[in-house]
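Q: What follows is a structure written as structure tokens; I'll ask about it next.
Read-outs throughout are calculated quantities, based only on the coordinates presented, and are distinct from any laboratory measurement. Since the model is a prediction, treat every value here as computed from it, not as a measurement. Every residue, glycine as well, gets a Cβ built from its backbone with ideal geometry; the counts of neighbours run over all protein chains shown.
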Amino acid sequence: MDNRPIGVFDSGLGGLTAVKELRRLLPQEDIVYFGDTGRVPYGSRGRDTILAFAAQDMAFLKRHDIKMVVSACGTVSSVMTDQLARSIGVPFTGVVLPTAQAACAASTTGVIGVIGTSATVHSGSFARAVRNIRSDARVLGRPCPLFVPLVENGYIAPGNPVTKLVAQEYLSAFDDEPEMDTLILGCTHFPLIYDIIADYFHYDITLIDSGKATARYVEGFLTEQGMLARREKPGETEYYVTDAADDFSSVAQRFLGSPLGDQVHRIPIEELGALPQERK
């Protein structure tokens, strides 16, 4: 038994896909969510900058005595080093391995697509993870950098003409791949536009929601390690962001299906402390 909260972080609100599923699977757990909305998106940044931001994000979560850290960010998960993951002193998971496992289980043909931020796709992390599980797999990647700001700005309605047009531009890269039967949503922002993506493929392929896959992984890990919370009342979720709390709340409410009220707190970026490379 371990009643400490689970810490979840993302560059913005995409990690709410993991939070939503964690709340469904593990309603007794407390969750602390950190969204670095003041510096979103991470996907267009260099690797060293992404890792520096991730170190700050995890250090902030550690202040809340968390029992596990979940990087609900495909970009961070794709460049995360073993050294940084170990340095936090609690179990860590990103989204890459759980999502690759889910994709391999779902695919019949072994032809699997990956969409994500530029940093995620160019890192090749999902492709490597998939091939480590299925050596016969063929993995096709397509960066979709505009999806993140569209989601962050609330362009998520299934019929939104702007997001549909951008989706057509990006997803047409897979038009000549009739054997592709599975598509990894390699950024946790992307499930917020699930229907737009699925509609492009006429709902004929399986979309792998990295947030859901990661939440199921966390459930299994905490169960195996005897680290599940034991309490009589449902767990609580606290949200911290580095930009306007009201803006975050309005979009998050539409996705989570319930008002967040006073659970959202703004943390100025300067309160996160110096970036690792700035420390003497």
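Q: Can you work out the FRET efficiency for the pair Asp48 and Val162, with r the C-beta to C-beta distance and R0 = 30 Å, to the nearest 0.05?
A: With a Förster radius of 30 Å, E is 0.40.
Q: Run the quick spin-label model on Asn132 and Ser172: label points 7 Å from Cα toward the beta carbon, then report their separation in nm to one decimal.
A: Placing both labels 7 Å beyond Cα along the Cβ direction yields 3.6 nm.
Q: For Lys164, list the lysines whose Cα falls under 27 Å from its own Cα; do not include residues on the same chain fewer than 8 positions away.
A: Lys20, Lys212
Q: Quick one: what are the phi-derived ³J(HN,Hα) couplings along region 138-149, Karplus 6.51/-1.76/1.60 with θ = phi - 60°, whole Hz, x for glycine and proline?
A: 10, 10, 10, x, 8, x, 9, x, 6, 4, 5, x
Q: Let me ask you something else. Residues of region 129-157 with amide nitrogen under 13 Å from the 7 Å Cα-to-Cβ point of Thr108?
A: Output list for this probe position: empty.
Q: I'd like the distance separating the alpha-carbon centroids of region 238-257 and region 1-77, in whole Å.
A: Rounded to whole Å, the Cα centres lie 14 Å apart.
Q: Report the relative contact order of region 49-169, percent, no decimals, based on alpha-carbon pairs under 8 angstrom and at least 6 residues apart.
A: Here the relative contact order equals 20 percent.
Q: Still on this structure, please answer the following. Can you list the aspartates and glutamates whose alpha carbon is less than 16 Å from that of Lys67, not counting same-chain residues fewer than 8 positions off?
A: Partners within reach: Asp2, Glu29, Asp30, Asp57, Glu219, Glu224, Glu236, Glu238.
Q: Hey, another quick one. Let's test this: bin the Cα-Cα distances of region 203-280 at 10 Å from zero up to the farthest pair and state each bin's percent.
A: For region 203-280, the binned pair fractions read 14, 25, 34, 24, 3, 0 percent.
Q: In terms of modelled amide H atoms, which long-range or inter-chain residues lie less than 5 Å from the amide H of Gln28?
A: Here the answer is Gly235, since their amide H atoms fall under 5 Å of that of Gln28.
Q: Further question: In terms of modelled amide H atoms, which long-range or inter-chain residues lie less than 5 Å from the amide H of Tyr240?
A: Long-range HN contacts for Tyr240: Tyr33, Phe34, Gly35, His265.
Q: Another one. Run through all the Cα pairs of the chain and give the fraction in each 10 Å bin from 0, expressed as whole percent.
A: Binned Cα distances yield the sequence 7, 31, 37, 21, 5, 0.
Q: With Rg and the Kirkwood Rh both taken from Cα atoms, where does Rg over Rh land for region 1-125?
A: Looking at region 1-125, the ratio lands at 0.97.
Q: Say each of Ala244 and Met1 gets a label point 7 Å from the Cα, pointing the same way as Cα to Cβ; how far apart are those two points in nm?
A: 4.4
Q: Pairs of alpha-carbon atoms within less than 8 angstrom and 6+ residues apart define the contacts here; what relative contact order does region 1-95 have, in percent?
A: 36
Q: For a quick check: with amide H placed at 1.01 Å from N, whose amide H comes under 5 Å from Arg138's, ignoring anything fewer than 5 positions away on the same chain?
A: HN-HN under 5 Å from Arg138: Val111, Ile112.
Q: Still on this structure: What full-extension length gain, to one decimal in nm, is calculated for Arg24 and Phe221 as 0.36 nm per residue of separation minus the Cα-Cα distance?
A: Stretched fully, the Arg24-Phe221 segment lengthens by 69.3 nm.
Q: Kirkwood hydrodynamic radius, region 146-276, all distinct C-alpha pairs: what's the number in Å?
A: 17.6
Q: What nm distance separates the two modelled labels at His64 and Arg266, each placed 7 Å from Cα along Cα→Cβ?
A: Reported label-point gap for His64 and Arg266 is 1.9 nm.
Q: Output the relative contact order of the chain, whole-number percent, from Cα pairs under 8 angstrom with separation of 6+ residues.
A: Computed over the chain, the figure is 28 percent.
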